[in-house]
Amino acid sequence: MQVASGEWVFLVGASGTGKTTLLKLLYREELADNGRVIVGGNDVSSVPGSRLRRSMGIIFQTFRLLEKKSAFENIAYGAEVLATPPAEVRRRTQEILELVGLKEKGHRLPGELSGGEQQRVAVGRALINRPKLIIADEPTGDLDPENTDRVIEILDTVHREQQATVMFATHNVEVVNRLARRVVRLEEGRIVRDATGGYWAAQEVGEP
Amino acid sequence: MNWWPVYYRLREAREGIARNTWASLATVVLLTLTLLLFGGFLWLNANLTQVATLLERQVQVRVFAAEGAAAESLREPLQAVAGVRSVDLLNGEAVYAQLAPVFGQETLMNALPVDAFADSLSIELADPELGGRVVEDIRSVDGVGEVIWGQGFATTLYRISNGLQKGGLVLIVGFFVAALLMSLTAMQLAVLNREVEIQIQRWVGVTPWGIRTQFLIEAFLLGLFSSILAGAVFLYLGEVIQRAIAALVPFMSGQLRSPMLVIGIVLFTGPVLALIGGGLASQRAIGTGDK
């Protein structure tokens, strides 16, 4: 399977078919038993995980925010830990807060935000280092349709404006059909369909 | 040089401690208790050894001249006996003067007249452990009358003193290992509590060493704080205990070891233990390779 730079790929399939494992292979959380995984021209098995992940933005279904840091601080944290100069961190964080629609709520703690807003903070944290590859593992799994749309909209903006590659694992058939992008369907760890656009039935996407 | 990364790590370590108040507090309490146990034993062991040595020095052979002989005339022949380090003449008045600080001048005078003690010779042995043989040689010197030597007391003291020296080292090593394990447990608690932070740092590409550095700085700060607390407790208790002993056993006054050495050891050991514990705990949580 090959994914071009700047492409958006949905990974679909029922639970346990290997979507998360495929994504983990990309950010070196797991290493392949067979075959090679090449990201940005580098063989994942021969590149330090930290170097590889610096060009990635990783988003999960669970938000994993720091409860005692504000939305602003949670987003900034992603750049601060890489020792980015403070002025640059502030500037980027302001931009991201605007992008994720939380400019007015930057001072709030995660507990003071809704689930959708918390996920947008997590998305913001993943985007702060301007990733070339966005890895999203069912990021809308716990969100209502409205918040799902907002998260998709944010990622689509970054995808279009920064030409970021997006690998998006999902069960959400509406999102898949609406965006009409490349869809890779997995079944028992194997790719069984790889097509761009077209109509996808709920059971094909693995919607529960 | 760009100092921002250094400043950032220090600031983040400080904030990390503040952010995880309860885990930090638990770590400090556990480390402080560990250091108190370790330091307390060190001090106890040092003082017991000191007391044993002190008492050992008190085990002297006392020789009284036979009837018709002068104590002074025995000095030279006794000095010639193998195993005798020194011979001092003690006249009765000197013995009386020695006892005065122990019992108090007034109490002593009420109990005994000033001429209650006969002249005698106090003999210091080169090796008190060989006292039995030397005392036999002393008894055979012409003009020697009664020889007083507390053999049973001396033997018990040597046994205690030797036991303290040998067993003490084993116990100190044991206490250090126990302290290390407790420090590891405390730091593991702290690291477990920071699982999300570790994950986020890994996702954005911080190297394992970068992540570990923060935990090591935090561990050092927590260890330093714990050792200062434990040191302060020793400083306070040291004075209280020394005052109490001076009041209860006047002749031991000024003979106990100062707690300053133990405080120094505790101040050094706290951060070192925390660093080792933090290093091992973070290694378990983060791993060694750049996965």
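Okay, here's what the table says:
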quantity	calculated
Tally, over the stretch B:177-201, of residues that are within 14 Å of chain A (Cβ to nearest Cβ), in contact (Cβ under 8 Å) with a residue 24 or more places away in the chain and not polar (S, T, N, Q)	4
Qualifying residues in the stretch B:202-239 (those that are within 14 Å of chain A (Cβ to nearest Cβ) and among the aromatic types (Phe, Trp, Tyr)) - the one surrounded by the most Cβ atoms within 10 Å (Cβ to Cβ)	B:PHE215
Residue that is least open to solvent (accessible area, probe 1.4 Å), among those in the stretch B:165-180 that are closer than 16 Å to B:GLY277 by Cα and of a type in the set (Gly, Ala, Ser)	B:ALA179
Criterion (aliphatic (A, V, I, L, M), assigned to a helix (DSSP H, G or I) and over 15 Å from B:ALA281 (Cα atoms)) met by exactly one of B:ALA178, B:ALA219, B:ALA190	B:ALA178
Number of the condition not met by A:VAL44 [criteria: (1) more than 9 Å from chain B (Cβ to nearest Cβ); (2) of a type outside the set (Phe, Trp, Tyr); (3) out of contact with any Phe, Trp or Tyr (no Cβ under 9 Å at 6 or more places or on another chain); (4) buried (at least 17 other Cβ atoms within 10 Å of the Cβ)]	(3)
Selected residue (only one of A:GLU98, A:GLU146 is at pLDDT 95 or above and more than 14 Å from every other protein chain (Cβ to nearest Cβ))	A:GLU98
Selection count, the stretch A:102-151, where residues are crowded, with 21+ Cβ neighbours inside 10 Å, part of a helix (DSSP H, G or I) and in contact with a Leu (Cβ under 9 Å, 6 or more places away or on another chain)	10
Verdict on A:VAL89 being within 11 Å of chain B (Cβ to nearest Cβ), assigned to a helix (DSSP H, G or I) and either at positive phi or open to solvent by less than 60 Å² (accessible area, probe 1.4 Å) (or both)	yes
Tabulated pairs, the stretch A:51-65, first more than 8 Å from chain B (Cβ to nearest Cβ) and closer than 18 Å to A:LYS19 by Cβ, second small (Gly, Ala, Ser) and part of a loop (DSSP other than H, G, I, E, B), C-beta under 6 angstrom, 6+ apart or interchain	A:GLN61/A:GLY141
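The values are calculated or read from the model by the stated rules, or taken from the named source; none is laboratory data. The structure presented is a predicted model; accordingly, all values stated were derived computationally and were not measured. No Cβ is skipped: glycine too gets one built from the backbone with ideal geometry, and neighbour counts run over all protein chains shown. What goes into the accessible areas is simple: the full protein's heavy atoms, side chains included, and nothing from ligands, DNA or RNA. Shrake-Rupley method; radii C 1.70, N 1.55, O 1.52, S 1.80 Å.
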